[in-house]
Amino acid sequence: MQLKKIILLPSFLLMTSMTVQAQEPQVIAHRGFWKTIGSAQNSITALVKADSIECYGSEFDVWLTANKQLVVNHDETFKGVTIQKASTKVCTAIELDNGEQLPTLEAYLQKAKSLKTKLILELKSHKTPEQETQAVINITNMIKEMGLEKRTEYISFSLHAVKEFIRLAPEGTPVYYLNGDLTPKELKEYGCAGPDYHLSVFKKHPEWIEECHKLDMKVNCWTIDKPEDMKWLIEHNVDYITTNEPVLLQKQLNKPQ
Ligand code: MG
């Protein structure tokens, strides 16, 4: 009996430590890993660099151009060009801060095919719901054609875009809502994978984290660059942390560099 206890104890401890490790938040590089030499926000280099430091995922922003094609950038108006109103040709002529041209989504995904990191694709809120529906159709078709369906997760501040991703992406594709104004129960009813909210929302409603887990949803939080905020989220068992400082977060999680 005593011997059995001695044998069982180490395996129990091992299982416990494995469980604890599995609960650690995963690192998502916000706009790729761009705070490093030769990189820039939403550049293909930033995606490659996020992959090179083994981030769980690399986040990036997508717009539909005036001629209904998709490009990767954060800003509604970037270097004087309003992306929704401009042609793809005009958008891709813009030079990013690292000297790369502003990428099309197609070029971005072509590069992603050779990498491992998850693609956390944010569709920006457009002027009309029709533009967003068109963007979701084009995105989900392109992701399917490129064989990236299992590596892609969708996020948006637009509830319309979120609903369209849930409608058009394969069943079970993670779709997160960013805007912070829906409760866990409401997110679940829409079919979301969970909230991807600003830290202030979770500070106001820390109970939502556990509530999401009970509803079998995951919790992501943006954009966390301060060690004390990382610590708070790690202690509150969130599943993902989106950060401009992925190396700092990895250190905080004691991940090998
Ligand atoms: Mg974004």
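Bear in mind these aren't lab numbers, they're just calculated from the coordinates by the rules spelled out. This one's a predicted model, so the numbers in the text were calculated from it and none came from an experiment.
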Q | Stokes-Einstein translational diffusion, the range 170-257 - Kirkwood Rh over all Cα pairs, 0.890 mPa s, 25 °C, in µm²/s | A | 184
Q: Decide, for the range 189-240, between rounded, prolate and oblate: order the square roots of the alpha carbon gyration tensor eigenvalues as a ≥ b ≥ c, take rounded if a/c falls under 1.5, and otherwise choose prolate if a/b is larger than b/c, else oblate.
A: prolate
Q) To the nearest Å, what is the center-to-center distance of the range 93-172 and the range 200-214, using C-alpha atoms only? A) 27
Q. What percentages, rounded to whole numbers, describe P(r) for the range 10-159 computed over all alpha carbon pairs with 10 Å bin width beginning at zero?
A. 11, 39, 31, 10, 5, 2, 0
**Q.** Normalised per residue, the volume of the convex hull around the Cα set of the range 48-91 (Å³)
**A.** 79
Q: Relative to the compact-globule scaling 2.2 N^0.38 Å, provide the ratio for the alpha-carbon radius of gyration of the chain.
A: 1.08
Q: Report the extension gain between Glu149 and Ser87 in nm, rounded to one decimal, defined as 0.36 nm multiplied by the number of residues separating them, less their alpha carbon distance.
A: 19.6 nm
Q. What is the set of long-range amide H partners of Tyr176 at a cut-off below 5 Å, with H atoms built 1.01 Å from backbone N?
A. Tyr154, Ile155, Ser156, Ala193
Q: Read phi for every residue in the range 63-72 and hand back ³J(HN,Hα) as whole Hz from Karplus 6.51 cos²θ - 1.76 cosθ + 1.60, θ = phi - 60°, with x for Gly and Pro.
A: 10, 9, 7, 4, 9, 6, 10, 10, 10, 9
Q: Specify whether the C-alpha gyration tensor of the range 126-222 places it in the rounded, prolate or oblate class, a ≥ b ≥ c being the square roots of the eigenvalues: rounded for a/c under 1.5, otherwise prolate if a/b is larger than b/c and oblate if not.
A: prolate
Q: Please list the non-local residues whose amide H lies under 5 Å from the amide H of His198, H modeled 1.01 Å from N, same-chain partners needing a gap of 5 or more.
A: Trp222
Q | Shape of the range 117-182, Cα gyration tensor, a/c cut at 1.5 | A | oblate
Q | HN-Hα J in Hz across the range 144-152 - Karplus 6.51, -1.76, 1.60, θ = phi - 60°, x for Gly and Pro | A | 5, 4, 8, x, 10, 4, 7, 9, 10
Q) Going down the table (Lys49/Lys85; Lys163/Lys203; Lys89/Lys150; Lys49/Lys113), which pairs top 19 Å between alpha carbons? A) Lys49/Lys85; Lys163/Lys203; Lys89/Lys150
